[in-house]
Structures are given as structure tokens and as C-alpha cells.
1. Residue check: is PHE85 at negative phi, outside any helix (DSSP H, G or I) and either at pLDDT below 80 or open to solvent by 50 Å² or more (accessible area, probe 1.4 Å) (or both)?
2. Kindly indicate which of THR55, THR23 is of a type in the set (Val, Ile, Thr) and open to solvent by 30 Å² or more (accessible area, probe 1.4 Å).
3. Name the pairs: first residue in the range 23-35 and closer than 14 Å to GLN5 by Cβ and charged (D, E, K, R), second residue assigned to a helix (DSSP H, G or I) and open to solvent by less than 30 Å² (accessible area, probe 1.4 Å), Cβ to Cβ under 9 Å, at least 6 apart or on different chains?
4. Checking SER103 against (1) of a type in the set (S, T, N, Q); (2) at pLDDT 70 or above; (3) part of a helix (DSSP H, G or I), only one condition comes out false. Which one?
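The values are calculated or read from the model by the stated rules, or taken from the named source; none is laboratory data. All values reported here derive from a predicted model rather than from experimental measurement. In this analysis, Cβ positions are derived from the backbone assuming ideal geometry, glycine residues included, and neighbour counts consider all displayed protein chains. Heads up: the accessible areas ignore ligands, DNA and RNA and are worked out on the full protein's heavy atoms, side chains in. Shrake-Rupley method; radii C 1.70, N 1.55, O 1.52, S 1.80 Å.
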Amino acid sequence: MWLQQALRPAYTGRIDGVLGMGTLAALKADKNNALIDRICNARMAFLKHLSTFGTFGRGWTARVAEVRAIGQAWAAGQVPQAANFVYGGQAKAFVDDANAAPSTAPADLATGAGTGGLGLSGYLYDLQNQLSPLSYTSEWISKVVVVVALASAVLAIGGLGYRWYSNRKPKHLAAALETAPA
């Protein structure tokens, strides 16, 4: 599956993990160095999205770099270096260890609070206009209106920004885990 995904766009078949005629034809048409880089890059993207990357990432990164070097030596017709043992590189990477995509609940809460706060500041502004004969109260309400309006705007903008982030993150996660072996 990793190979078929890395062979895109030359491989137009279904990504099914079967080494058939379409996969072999796309493999013949591809340059090996570029293919090796795409496969290794996809593997690193997968590994970086795992919650265990902080623990095993150094070993995994070294192992992928070594696989890249060996593959490129083979593609160039050279004798590759012997594979080394890297402590932490033997740890298994599982799709089940993938980081969860962020929830949109905080974004909804912040946006809702910001919108509600803007409504409250409008209400307080109307109250200020009604109490304008009492100049001291009017000045105090004016300051509260400004503070509530600014805080509400920050909440609403922050909520919208976080919603954008939380909608974008699952797409990157899905792309990295798309062809990961189960």
C-alpha cells in the first residue's frame, strides 16, 4: 500500500496492497531515487503523527534514514552499507497509537461566548444611553462596554481560528495514516 501510494500519479489503480500488473507498470515508469524518497517521507509523516514518537522517534528517524541510504545505494547499483542496530529503532509503530484529532468543542464554546459577549456589550450600550442623565454611572458603563466588547471580539476570533485549526488537523492526520499498514 505504501508503494502504491508513493507511485501516484503513475499508478492509477486502487490502493489495495496487491502487487499486480498496474503496480509493476507504474514501478517501471518511476525513478527509483525519487520513489525511495517518497516512501521514506510517507513513513516519517506516519511516525510523526504517533503519540509514541516522543519516546521512539529518534530511533525510528535513524532507521528510516538508514533504509533511505540503503535503498538509494541499491537504486544506483552500488553495494549499500550494512544495516546497524539503533536502540529504540526496533519499537513497533501502530496506527492505534496515532494522536487524536483536536475537538471542535472549545472553538464552538469560544465563538459562542464571543458572540454572546458582543450581544451583552450592545445591551450595556443601550443601558448606558438610558442612564446618561447619571453621568458617573454612564462613564462606568462605558468602560465596561469597551472591555466586554474587546474580550468578546478576542474570544470570537480565537474560536474561529481554533475551529480552522481543528478542521485542518484531521486532514493532515488522515493523509499521514491513509496508507499505514494495519
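1. Working: at negative phi: yes; outside any helix (DSSP H, G or I): yes; either at pLDDT below 80 or open to solvent by 50 Å² or more (accessible area, probe 1.4 Å) (or both): yes.
Taking the combined requirement at face value, the residue satisfies it.
2. Working: THR23 fails: open to solvent by 30 Å² or more (accessible area, probe 1.4 Å).
The unique qualifying residue is THR55.
3. What qualifies is ASP30/ALA6.
4. Condition (3) is where SER103 drops out.
Here is a yes/no grid of residues against (1) within 23 Å of the chain's Cα centre (by Cα); (2) open to solvent by less than 40 Å² (accessible area, probe 1.4 Å):
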residue: MET1; (1), (2): yes, no
residue: ALA6; (1), (2): yes, yes
residue: ASP16; (1), (2): no, no
residue: LYS28; (1), (2): no, no
residue: LYS31; (1), (2): no, no
